[in-house]
Structures are given as C-alpha cells and as structure tokens.
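The values are calculated or read from the model by the stated rules, or taken from the named source; none is laboratory data. Source: prediction; values computed, not measured. Please note: Cβ atoms are built from the backbone with ideal geometry, for glycine as well, and neighbour counts cover all protein chains shown. Note: accessible area is taken over every heavy atom of the protein model, side chains too, but ligands, DNA and RNA are not part of it. Shrake-Rupley method; radii C 1.70, N 1.55, O 1.52, S 1.80 Å.
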Amino acid sequence: MLYGAIEAGGTKFVCAVGNAQLEVIERVSFETLNPGETMPQVVSFFKKYETELSSIAVGSFGPIDIHPESKTYGYITSTPKIPWRNFDFIGYLKRNFEKIPFYWTTDVNAAAYGEYIAGHGQGHSLVVYYTVGTGIGGGALQNGRFIEGFSHPEMGHMIVRNHPDDHFKGNCPYHQNCLEGMAAGPAIEKRIGIKGQDLKEDHPFWDMEAFYIAQCIHNTTMMFSPDIIILGGGVMKQVHLQEKIHREFSKLNQNYVAHPKIEEYIVFPKLGDQAGIIGCLGLAQKIASN
Ligand code: ADP
Ligand code: ZN
C-alpha cells in the first residue's frame, strides 16, 4: 500500500510517495511555474507508482474551493498567481489517474495535520498551525478535523495593530496592513530592503516582527483556546524570534488567559519543512481507509 502527497506551494511543488508507516520512499521537488509546465511533472512522477497507490492527498496554496458539492470543487480560485487562477487542480489529476481517490485541502491544513499526527500536535485536541513565509496562512484542527465553514480559514489576513515606530503601510493587495501585509517575508523585504534571511539577528526589526506575530497568537488564543500553536515557514527559521514572540504575547495577554506553559504553547514545527508532506501522506491514508 502506497500513498501519494502533493505539496503545492507558491514557490515550489513537492511530490512524494510514502508507505503505511508514512515513511517517504521517493520525493521530488520543482519550481512552481504555470499549470501547463508544472502539472505534467506531477503526473509523470506518480505514473510509475500508479498501480500501487491507494490515494493521493494535495495540500495547495490558495484560496481553493473545498466544498464537494460546488461546481468548482478542487479548483484554485482567486489567487494573485494569474496562470493558476480558476485552475481545476483535482479535475486535472482525476483525468490522469482515473482510479485513484484524491484528498484536497490547503497547504497549511496539510502541515497542521502532519504536526498533529507526527509532530508537536500529537495528543492534543485543538491544534493551530501558521506558516510565515511568502504569505501567512493558518490551519486549525479539532480532534483531527479541520475547522472550516463556507470555506477554509484565512487567518493570515487578520487585522493587526501597527507598531508605533513602524511606518510601513503594508503590502497586502486586499487589506494593506493585515498580518500578512505587515509580517510575511515580502513585507520584511519591502520595508527594509533586504530579505529576512539576510537580516542580522540583532536588527531592531525583529522586535517589530515579534510584535505582529504575538498579536496573531493573542487573537488565536482568544478565539480558540488551542492546546498548542505551531509556527512554521521561512521567516520562523529565525530561532531567536521564539523568545521575542513569547515576551510580546505575555505583554498582550496580561495573565488574562491561563494558557499552557509558554515554551510548550508557542512552538516551531517538530517536523520542520516535512510537516506538509507527512500531513498529506496521513490524509491520503485516512481517505483510503474510509
Ligand atoms: P513559501 O512561503 O514560498 O512556501 P518559505 O516558507 O520559505 O516559502 O517563505 C519564503 C519567504 O520567507 C521569503 O520571503 C524569504 O525571504 C523568507 N525567509 C526564508 N528563509 C528565511 C530566514 N531564514 N529568515 C527570515 N526570512 C526567511
Ligand atoms: Zn490581507
């Protein structure tokens, strides 16, 4: 029994095949170009496993249509990436793999699920996962089920207060100074003129970044009282941010909510960059066993 995983990110695609223990057998990665160039690479990777695959799960950048009864279920919808706008992702895969069932969710939901089954989320009832990278996205799970209503959450676009010393206007094309507009990787680069990965650890900007992420933690805490909040994505590779975020969050909370011990409450992913792929393998296994 093999399972397939597709992590469709805005920058790169990762495809993997794993076994029943969710161990990765083969994995490939390629740049996200347009569907006409990228999707044939996806298909050719899985073709050699076609007869052994029980199911494939896709964790995609979005927004995406997740409602099975909708005419555009399985589509990427209003993405700013024009070639992918209204692309029928699941339809394309089904045409190429007629017998294989597909699971379809957001990239960040998939990562949340990975941490839930094999990372820091294990044994917890309510798990929230954020990625802070090219964009900011969030996914929440209650007892292994994604929290969603008319659509999947878009937690990265929550409104935050501006830092008093921050003169950056924000770069979200929809809301300008929402969390993503203020704190995602491109907002850092636009504000300071260099990429986050090239910014020194003692640069004063990092306190501002922590100020914004702490508001995200505060809002999340007040809305869900989760057991754990996991922070992944490129920007969170700045390990020193963890302590700064803890400090800023404690200032906001003012001991109002008695949350779990802070070092165990606000954490980085145990699975690192593997969370999304492991999550997809787990979701593929889940639908195959239903
Ligand atoms: P994506 O969101 O495209 O899947 P990433 O999570 O790696 O990919 O996010 C990329 C963004 O994160 C870029 O804006 C990049 O500048 C920023 N970034 C990547 N690595 C780091 C780092 N070590 N420190 C700070 N920012 C980083
Ligand atoms: Zn926004």
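Set side by side, the residues I287, I228, I262, I213 differ, and just one is within 24 Å of G119 (Cβ to Cβ), more than 16 Å from ligand 1 (Cβ to nearest atom), in contact (Cβ under 8 Å) with a residue 40 or more places away in the chain and open to solvent by less than 40 Å² (accessible area, probe 1.4 Å), which is I228. Looking at P153, P164, P186, can you tell me which residue is within 16 Å of ligand 1 (Cβ to nearest atom), at pLDDT 95 or above and either in a loop (DSSP other than H, G, I, E, B) or open to solvent by 50 Å² or more (accessible area, probe 1.4 Å) (or both)? After ruling out the rest, the residue left standing is P186.
Conditions (1) of a type in the set (D, E); (2) within 16 Å of ligand 2 (Cβ to nearest atom); (3) more than 20 Å from P63 (Cβ to Cβ), marked per residue:
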residue: F150; (1), (2), (3): no, no, no
residue: G156; (1), (2), (3): no, yes, no
residue: R161; (1), (2), (3): no, yes, yes
residue: F211; (1), (2), (3): no, no, yes
residue: H240; (1), (2), (3): no, no, yes
residue: L252; (1), (2), (3): no, no, yes
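Hey, does region 109-132 have a residue that's within 20 Å of I213 (Cα to Cα) and open to solvent by 50 Å² or more (accessible area, probe 1.4 Å)? Taking every residue of region 109-132 in turn, at least one turns out to be within 20 Å of I213 (Cα to Cα) and open to solvent by 50 Å² or more (accessible area, probe 1.4 Å). Residue-level analysis places I245 among those that are in contact with a Leu (Cβ under 8 Å, 6 or more places away or on another chain), farther than 30 Å from V24 by Cα and crowded, with 16+ Cβ neighbours inside 10 Å.
N171 meets the conditions (1) open to solvent by 30 Å² or more (accessible area, probe 1.4 Å); (2) under 24 Å from V239 (Cβ atoms) in every case but one. The failed one is (2). Of the strands (runs of 3 or more DSSP E) lying entirely inside region 1-59, those containing at least 2 residues that are surrounded by 21 or more Cβ atoms within 10 Å (Cβ to Cβ) and small (G, A, S) span 2-8, 12-18. Does region 245-259 include one or more residues that are under 27 Å from N143 (Cβ atoms) and polar (S, T, N, Q)? Yes, because at least one residue in region 245-259 is under 27 Å from N143 (Cβ atoms) and polar (S, T, N, Q). When the residues of region 76-93 are filtered to those that are outside any helix (DSSP H, G or I) and open to solvent by less than 10 Å² (accessible area, probe 1.4 Å), the one that is farthest from I66 (Cα to Cα) is T79.
Of A112, A140, all but one fail to be within 16 Å of ligand 1 (Cβ to nearest atom) and not in a loop (DSSP other than H, G, I, E, B); the exception is A112. Scan region 138-146 and tell me whether some residue there is of a type outside the set (F, W, Y), assigned by the TED database to the domain that holds D227 and within 16 Å of ligand 2 (Cβ to nearest atom). Within region 138-146 (the criterion being of a type outside the set (F, W, Y), assigned by the TED database to the domain that holds D227 and within 16 Å of ligand 2 (Cβ to nearest atom)), the answer is yes, since at least one residue qualifies. Across region 167-177, what is the total count of residues that are in a strand (DSSP E or B) and within 16 Å of ligand 1 (Cβ to nearest atom)? Qualifying residue count, region 167-177: 1.
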